[in-house]
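Values quoted throughout were computed directly from the atomic coordinates according to the rules given, and no laboratory measurement underlies them. Keep in mind that what you see is a predicted model, and the values were worked out from it rather than measured. Heads up, the Cβs are rebuilt from the backbone with ideal geometry, glycines too, and the neighbour counts pull from every protein chain shown.
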Amino acid sequence: CSKEGIMLQGMDEFHISLVEFFLSKRSFESYALCHDLCMSLPIDSLATVLKKANDDDVCTLKAGHKAKVLTVAIETRDQPWLVSKHDVPFIDLGSEYLVISRIPYDAKITVWSTRFARLAHELHQLSGSLDIQIIHEGARFTALDEGSGKKGCFIFRRAKVVDEYRDSEDDEPAGAIIHEFHRYFHKATSLRVSTKYLVHASKRAPLSSKVSVLMKEDQPLLVQYDFYEGVLKFYIAPRIAD
Amino acid sequence: MGRQQTLGKFFDMP
């Protein structure tokens, strides 16, 4: 927790995918902080507690300077006398927050997040890994089922006119449009990643109608959702050819 | 499929 907001980080047990979630302080009704605070929490326990709240309940998260627990108070908005309190004890992960240095990416595409979710799901049916190529003209997501020889491919062509891009899902044009593709293209780039982790990342589509895919040769793939209250990033370690 | 790398190669893991 910092004066800007709350940043969450988590990694899968195999250290293949790291998720980073920033929630700006402006997304909270009130946000007070005396000094920066870093907590390690068991995500299952936190999720179990937060699921007890209904959509319109008020949740208050509190932790003191040398606290060992995060206290979550859940209040019914129209019945403020009904409050339930839950403690989530900290755990010792033996590490603090991981600072990820910014790198200059070679290529970035932005596509509709629902289309991206469909792509990830369908290619996952075919193979455990997929190749992503971004070239000047567009992007290509390819998966090959080595058993049957079946190949699946999704192609995104670069928008001829950036104005073709529309900001509402209802107006989605027939062809997938890559928004501002030219602005972030420096050189042709390709990466191979596991479809399983791409499926995980693509399931966050409800957060934002658009998703960005950023690549640099031999660097983790970055899948990023930007939204008003913050940003959600998935870093996925690449596969290399045998 | 290729060999899966881990993030330890890219990030400075504690």
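Quick one: grab the alpha carbon gyration tensor of the stretch A:34-83, order the square roots of its eigenvalues as a ≥ b ≥ c, and give me rounded if a/c is under 1.5, else prolate or oblate depending on whether a/b is larger than b/c.
Cα axes put the stretch A:34-83 in the oblate bin.
Say each of A:Ile91 and A:Ala47 gets a label point 7 Å from the Cα, pointing the same way as Cα to Cβ; how far apart are those two points in nm?
That separation, rounded to one decimal, is 1.2 nm.
Given a cut-off of under 8 Å on Cα pairs at least six residues apart, what relative contact order in percent is computed for chain A?
20
Can you put A:Asp55, A:Asp145, A:Asp218 in order, fewest other beta carbons within 10 Å first?
So the ranking, lowest neighbour count to highest, is A:Asp55, A:Asp218, A:Asp145.
Using θ = phi - 60° and the Karplus curve 6.51 cos²θ - 1.76 cosθ + 1.60, what whole-Hz ³J(HN,Hα) does each residue of the stretch A:44-51 get, with Gly and Pro shown as x?
Per-residue couplings from phi come out as 4, 5, 5, 5, 4, 5, 5, 6 Hz.
Per-residue Cβ counts within 10 Å, from other chains only, averaged over A:17-23: what number is that?
That average works out to 1.
Can you sort A:Phe21, A:Phe116, A:Phe14, A:Phe185 so the residue with the fewest Cβ neighbours within 10 Å comes first?
Fewest-to-most Cβ neighbours within 10 Å comes out as A:Phe14, A:Phe21, A:Phe185, A:Phe116.
Any of A:Lys3/A:Lys66; A:Lys108/A:Lys150; A:Lys210/A:Lys233; A:Lys108/A:Lys233; A:Lys62/A:Lys233; A:Lys3/A:Lys62 with alpha carbons more than 23 Å apart? Name them for me.
From the list (A:Lys3/A:Lys66; A:Lys108/A:Lys150; A:Lys210/A:Lys233; A:Lys108/A:Lys233; A:Lys62/A:Lys233; A:Lys3/A:Lys62), the Cα-Cα distance tops 23 Å for A:Lys108/A:Lys150; A:Lys62/A:Lys233.
Roughly how many whole Å is it from the C-alpha centroid of the stretch A:73-102 to that of the stretch A:199-213?
24
Rounded to the nearest 10 degrees, what's the angle between the helix A:113-126 long axis and the longest principal axis of chain A, both from Cα atoms, 0 to 90?
70
Figure the gain on full extension for A:Cys34 and A:Asp55 (residue separation times 0.36 nm, minus the Cα-Cα span) and round it to one decimal in nm.
Contour length minus Cα-Cα distance gives 4.7 nm.
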